[in-house]
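Structure first, then comments.
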Amino acid sequence: MFDHTLIVLASISLIGVACQWLAWWLKLPAILFLLLAGIVAGPVTGFLRPDALFGDLLFPIISLGVAVVLFEGSLTLKLHEITGLGGVVRNLVSFGMLLNGAIIAVATHWLLAFSWQLAALFGAMVVVTGPTVIMPLLRTMRPTANIASILRWEGIIIDPLGTLLAVVVFEFIVSDQQHNTLLTFAGNLLTGGGLGVAGAYLLALPLRRHLMPGYLINIATLAMVLGNYTLANHLEHESGLLAVTLMGIVLANMKELPIQEVVDFKESLSTMILSLLFIVLAARVEFSQLAALGVGAVVLLAVILFVARPATGFAATLGSKLNWRERALLGWVAPRGIVAAAVAALFSLRLSALGLPRAELLVPLTFAVIIASVVLQSASARLVANLLRVSEPEPRGLLIVGANAVARAIARTLTDKGFRVLLADTNWDDISQARMDGLPTYFGNVVSEHADRHLDLVGIGRLLAMSRRPAFNALACLRYRSEFGAGHVYSLLTPEEKRATEKSAIGGQYSSIRLFGEDITLAKLASLLSQGAELRATHLTESFDFAAYREKYQNRVIPLFALTPKGYLRVFTLGADLKPQPEWNIIGLAPVEVIEQMRSEAEPAKAENTAAAPS
């Protein structure tokens, strides 16, 4: 028995990691694979039986896991972002969210004979989409910039707001079940709210004053979340969820707090917690419960997908500048995700213990909504976007890792040529300079889970790794190789790599296409720019081809890119036999003496054009 328990626990961990990796590889939401794996391991094969495996510890484990999920989700809610959003997003996460939940609640009450309380709770739970399910879908669908921005921000904002709505509805139901509704409900709100705010300030104190070593921050955050949840529940039953949700929201909105260190908590600790939690939750699903609902459950799914969301999208976009095609796509895309699954499991267990009829059906019904919405919309979103003609063409933009002077100069030139460029770096000084230059930026680590959730890659199809850190360049190329394809991931040689010995060199299996040619390093390009070199575009003709271009400037110009007449960008790389043709434009880095030569050649032509102009 002991050996079997070890085997099952180890297997859950391995399955969780495999699901996360598969989701990353296929660019699909991880929750889909986690739930399917749990269903196979549980009701299908009988390998995993959570109630027998964990016994009396099952409910505490699920409770603490859900507390972690709600806390990390609430860390993304920054109130200033809501005020700065466009009208459509504000509509979707305010009255649109309430309208969506109301339609679902009414349909659930009439179709499945749920009580109004339980139907309202179900409606509140399944209005949440979330960035973990939206971002992979956007990368596959590639909608226009308007729709991509709306869906991305809706997912980010509605995740914590929808959580808060569901928790408040749950608190009210629990209070009502205890037959002292208003007094108990007020006690839950006061206890949960008070401890949530107090816990946030208590955690912020050592972070703001740097009283805690970096290696303890993640563990301390986890301990504080779990302790606050437990204390709130001890003082006022079922107020813990509200406490951890508000704790995350307050932390996210504190000024001058190194919140990134707290956000990293999610990346380093909760990915495995989420994986284990959802496999265990899915393993407890009983198909007989869902089957007993019959046709009503199928009709309810249809209402959620084909009535509630389209109606919400239509109402939220009234008076906007979106055309009917964009509004139609917005009304189709709304996959459900992590929050819905997490709270459904916990609420179902608690309300079943309180004797609320049909509460045990919340979990299979919610899982059915998640799987149906993710599968249907992942399979159809790209096709629907193409049919509605609201999808972007093949991505032409570039993600540049590094915002140093070389990267900024290249970004400015490519932006002027009509390409979308996004600079990403963890160096605040470089990012600040890029923003002052008017360039789009991402301040953060491009291989973090925060980047997976928030980095807007719509329209971007290439990576130029140009940071000062060779190991990080290699890691970024490895991460985005599956995203863009091995042929669209490049790195620039650094002085450190050029001097590297066999012992310190990065392994060949991690290498990528080398930018611009042999002996072209980041330091060399930076040195030329500091001496006054400029990026210049030169037009090729039949009489002035690429060979003539090289000969005229005596190979002093470093060719970086070539732009075809149809607007395609070609990159000069080490070992590639790129042969620019007439009518192409060559973008190269020209040193000061060549710049002066170009200017002197341009003056007679300019004077001739001025003289020929009619008076």
Inset, instruction - Pop a pseudo-label 7 angstrom from the Cα along the beta-carbon direction at both residue 44 and residue 57 and give the gap in nm to one decimal. - result: 2.7
Legend entry - FRET E, pair residue 530, residue 387, Förster distance 51 Å, beta-carbon r, rounded to 0.05: 0.50
Inset, instruction - Given the peptides 411-418, 584-591, 244-251, arrange them by the average over their residues of other C-beta atoms within 10 Å, most packed first. - result: 244-251, 584-591, 411-418
Legend entry - Gain in span if fully extended, residue 21 to residue 564, counting 0.36 nm per residue against the direct Cα distance: 191.7 nm
Legend entry - residue 521 long-range amide H proximity, modeled H, under 5 Å: none
Inset, instruction - Return a whole-number percent for the relative contact order of the stretch 383-452, with Cα pairs under 8 Å and 6 or more residues apart as the contact set. - result: 26
Inset, instruction - Return one number: the angle in degrees, 0 to 90 and rounded to the nearest 10, between the long axis of the Cα atoms of helix 362-387 and the longest principal axis of the Cα atoms of the chain. - result: 30
Inset, instruction - Can you tell me how much longer the chain between residue 595 and residue 523 gets when fully stretched, taken as 0.36 nm per residue apart minus their C-alpha distance, in nm with one decimal? - result: 23.9 nm
Legend entry - In Hz, Karplus ³J(HN,Hα) per residue of the stretch 135-143 (6.51, -1.76, 1.60; θ = phi - 60°; x = Gly, Pro): 4, x, 5, 5, 5, 7, 6, 6, x
Legend entry - Probe 1.4 Å, accessible area per residue of the chain, Å²: 43
Legend entry - Accessible-area order (highest first, 1.4 angstrom probe) of the listed residues 59, 419, 314: 314, 59, 419
Inset, instruction - Go through the stretch 542-556 residue by residue and turn each phi into a ³J(HN,Hα) via Karplus (6.51, -1.76, 1.60, θ = phi - 60°); whole Hz please, and just put x for glycine and proline. - result: 5, 8, 10, 8, 5, 5, 5, 4, 5, 5, 4, 9, 6, 6, 7
Legend entry - Hydrodynamic radius of the stretch 335-411 per Kirkwood, over alpha carbon pairs, in Å: 16.5
Legend entry - Whole-number percent relative contact order across the chain, with pairs defined as alpha carbons under 8 Å at least 6 apart: 14
Legend entry - the stretch 374-502: relative contact order in percent, alpha carbon pairs under 8 Å with at least 6 residues between: 24
Legend entry - Portion, in percent, of the accessible area of the stretch 41-173 that falls on carbon or sulfur, probe 1.4 Å: 69
Legend entry - residue 573 paired with residue 235, simple spin-label distance in nm, labels 7 Å along Cα-to-beta-carbon: 5.9
Legend entry - Spin-label proximity, residue 255 to the stretch 198-214 - amide N less than 14 Å from point 7 Å beyond Cα toward beta carbon: none
Legend entry - Alpha-carbon gyration tensor eigenvalues x 5, square-rooted, for the stretch 96-250, Å: 30, 27, 10
Inset, instruction - Could you list which residues have their amide H under 5 Å from that of residue 49, counting only those 5 or more apart in sequence or on another chain, with H placed in the peptide plane? - result: none
Inset, instruction - Return the whole-Å distance between the Cα centroid of the stretch 427-490 and the Cα centroid of the stretch 1-79. - result: 31
Inset, instruction - Please provide three numbers in whole Å: the alpha-carbon extents of the stretch 265-410 along the principal axes, with the largest listed first. - result: 65, 41, 27
Legend entry - Hydrodynamic radius of the stretch 401-503 per Kirkwood, over alpha carbon pairs, in Å: 14.1
Legend entry - Calculated FRET efficiency for the pair residue 481/residue 581, C-beta based, R₀ 30 Å, to 0.05: 0.55
Inset, instruction - Grab the beta carbon distance between residue 551 and residue 429, set R0 = 45 Å, and tell me the FRET efficiency rounded to 0.05. - result: 0.65
Inset, instruction - Kindly work out what percent of the DSSP beta bridges joining two residues of the chain are antiparallel, to the nearest 5. - result: 45
Inset, instruction - Calculate, in nm to one decimal, what residue 288 and residue 537 gain on full extension: separation in residues at 0.36 nm each, minus their alpha carbon distance. - result: 82.8 nm
Inset, instruction - Using a 1.4 angstrom probe on the protein heavy atoms only, line up 27, 579 by accessible area, largest first. - result: 579, 27
Inset, instruction - Please give the solvent-accessible surface of residue 149 in Å², to the nearest 10, using a probe radius of 1.4 Å with every protein chain present. - result: 50
Inset, instruction - Could you please put 208, 284 in sequence from largest to smallest accessible area, using a 1.4 Å probe? - result: 208, 284
Legend entry - the stretch 199-243 residues near the modelled residue 190 label - backbone nitrogen below 13 Å, point 7 Å along Cα→Cβ: 236
Legend entry - P(r) tail fraction, the chain - alpha-carbon pairs more than 38 Å apart, %: 40
Inset, instruction - Tabulate in residue order the Karplus-calculated ³J(HN,Hα) for the stretch 298-311, using 6.51 cos²θ - 1.76 cosθ + 1.60 with θ = phi - 60°, rounded to whole Hz; enter x for Gly and Pro. - result: 5, 5, 4, 4, 5, 5, 4, 7, 10, 10, 4, 5, x, 5
Inset, instruction - Roll a 1.4 Å probe over the protein heavy atoms and report the accessible area of residue 600 in Å², nearest 10. - result: 60
Legend entry - Rounded accessible area of residue 272 (nearest 10 Å², 1.4 Å probe): 80
Inset, instruction - For residue 271 paired with residue 471, estimate the spin-label separation in nm (one decimal), with each label point 7 Å from Cα along the Cα-to-Cβ line. - result: 1.8
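The values are calculated or read from the model by the stated rules, or taken from the named source; none is laboratory data. Computed from a predicted model, the values in this text were never measured in an experiment. Virtual Cβ from ideal backbone geometry, glycine too; neighbours counted across all protein chains shown. The accessibility values were calculated without ligands, DNA or RNA, using every heavy atom of the protein model including side chains. Shrake-Rupley method; radii C 1.70, N 1.55, O 1.52, S 1.80 Å.
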